[in-house]
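**Q** Here it is: the structure, laid out below.
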Amino acid sequence: MRGFYIGRFQPYHDGHHRMVTEIAEEVDELVVGIGSAGNSHTTRNPFTAGERIMMVTKAVEDVDIPTYVVPIEDLDRNAVWVGHVQSMTPKFDVAYSNNPLVVRLFREAGVDVRQSPMFQRDVLEGTEIRERLVTGGDWESLVPGAVVDTIHEVDGVERIRQISETDASS
Ligand SMILES: Nc1ncnc2c1ncn2[C@@H]1O[C@H](COP(=O)(O)OP(=O)(O)OP(=O)(O)O)[C@@H](O)[C@H]1O
Ligand SMILES: NC(=O)c1ccc[n+]([C@@H]2O[C@H](COP(=O)(O)O)[C@@H](O)[C@H]2O)c1
């Protein structure tokens with residue numbers, strides 16, 4: 001059986017990784033979809049699809065099942081989004097998400113969906129980690145080591161700080 005797990009992964013964090021580890025107990029292969037693949041260089045979506053592919057590919061090296069990482073661009077039309085996803089990925093039998101819109105769209109399209117508990121959601125949240133990147137807080141302890149390496153390799157801390165500045169006073 002093959003599973004599918006989609007997220008924006010801005011960045012991929014320990015909550016995502018815990019979910020992947022648990023999914024790997026239930027399926028034989030996993031497809032990870034990098035959502036909003038066309039978005040980057042904004043405070044909500046600082047990292048490119050390629051950078052997120054590196055984060056996930058390296059982080060899942062310690063997961064025992066074959067894992068494919070596929071970028072998925074957004075569409076203006078929610079009603080056909082599941083078909084768009086399926087057109088870009090290996091066939092899958094079950095989708096994993098805690099995002100209510102994603103759950104709804106897959107179920108309406110007849111795809112089996114499983115949800116998981118949220119792990120340490122007070123800190124394991126992309127928004128919190130991006131905030132810490134900007135303010136100089138401890139973000140490294142909330143993401144896999146491979147993600148720390150990727151963010152440093154692409155000068156990600158400086159990038160997110162610079163794009164979060166305003167030009168109001170200049
Ligand atoms: N701590 C967590 N535990 C379990 N699942 C999580 C956790 N954080 C996110 N997820 C789930 O992983 C998927 C992808 O999440 P996403 O990339 O939007 O991360 P996020 O932490 O919710 O980020 P953001 O704050 O940027 O929205 C979603 O289904 C989301 O609900
Ligand atoms: N119409 C669309 O393009 C559409 C619909 C539902 C989800 N998505 C994407 O799926 C991903 C879901 O991931 P999150 O759970 O991280 O929000 C996001 O990238 C979101 O933009 C896109």
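**Q** Whose amide H sits under 5 Å from the amide H of TYR96, counting only residues 5 or more places off or on another chain, with H placed in the peptide plane?
**A** Close amide H contacts, sequence-distant or interchain: PHE4, TYR5, ILE6, ARG114.
**Q** Starting at the first residue of segment 53-69, write each ³J(HN,Hα) from the Karplus equation 6.51 cos²θ - 1.76 cosθ + 1.60 with θ = phi - 60°, in whole Hz, x for Gly and Pro.
**A** So the Karplus estimates, Gly and Pro as x, are 4, 4, 4, 6, 4, 6, 5, 7, 4, 8, 9, 6, 9, x, 10, 10, 10 Hz.
**Q** Right, next: Starting at the first residue of segment 98-107, write each ³J(HN,Hα) from the Karplus equation 6.51 cos²θ - 1.76 cosθ + 1.60 with θ = phi - 60°, in whole Hz, x for Gly and Pro.
**A** 10, 8, x, 5, 4, 4, 4, 5, 5, 5
**Q** Where the centroid of each part is defined by its Cα atoms, how far is segment 66-83 from segment 1-56 in Å?
**A** Comparing the Cα centres of segment 66-83 and segment 1-56, I get a distance of 12 Å.
**Q** Still on this structure, I have one more. Can you compute the modelled spin-label distance between ASP76 and THR127, with each label point 7 Å from Cα toward Cβ, in nm?
**A** Using points 7 Å along Cα→Cβ, the separation is 2.8 nm.
**Q** Which angle between 0 and 90 degrees, to the nearest 10, do you get for helix 126-135 versus the longest principal axis of the chain when only C-alpha atoms count?
**A** 10
**Q** Using a 10 Å cut-off around each Cβ, can you sort GLU25, GLU125 from fewest to most neighbouring Cβ atoms?
**A** Least crowded to most crowded, the residues run GLU25, GLU125.
**Q** So what J values fall out for segment 36-49 if you push phi through Karplus, 6.51 cos²θ - 1.76 cosθ + 1.60 with θ = phi - 60°, rounded to Hz, Gly and Pro as x?
**A** Computed from phi, the couplings for segment 36-49 are 6, 5, x, 8, 6, 6, 10, 5, 7, 10, x, 9, 6, 4 Hz.
**Q** Now a separate question. In what order do ASP138, ASP93, ASP76 fall by count of nearby beta-carbon atoms within 10 Å, going from fewest to most? Can you show the working numbers first?
**A** On the way: ASP138 9, ASP93 13, ASP76 6.
Ordered from fewest to most neighbouring Cβ atoms within 10 Å, ASP138, ASP93, ASP76 come out as ASP76, ASP138, ASP93.
**Q** Below 8 Å between Cα atoms, with a sequence gap of 6+, how large is the relative contact order for the chain in percent?
**A** 30
**Q** If you don't mind, another one. Nearest 500 deg cm²/dmol is fine: what mean residue ellipticity at 222 nm does the chain get from its DSSP H runs of n ≥ 4 alone, each adding -39,500 (n - 2.57), divided by its residue count?
**A** On the way: 7 runs with 66 residues, N = 170.
Helix-only estimate at 222 nm: -11000 deg cm²/dmol.
**Q** From the square roots a ≥ b ≥ c of the eigenvalues of the alpha-carbon gyration tensor of segment 77-170, which class results: rounded (a/c under 1.5), prolate (a/b over b/c), or oblate? Please report the intermediate quantities before stating the final value.
**A** On the way: a/c = 2.31, a/b = 1.89, b/c = 1.22.
Prolate, because a/c is 1.5 or more and a/b exceeds b/c.
**Q** Then there's this: Rounded to a whole number, what is D in µm²/s for the chain from Stokes-Einstein with the Kirkwood radius over alpha-carbon pairs (20 °C, 1.002 mPa s)? Walk me through the numbers before you get to the answer.
**A** Working: Rh = 16.6 Å.
Once the numbers are plugged in, D ends up at 129 µm²/s.
Coordinate-derived values only; no laboratory data. On a predicted model such as this, the values are computed, not experimentally measured, just so you know. Neighbour counts run over all protein chains shown; Cβ positions are idealised from the backbone, glycine included.
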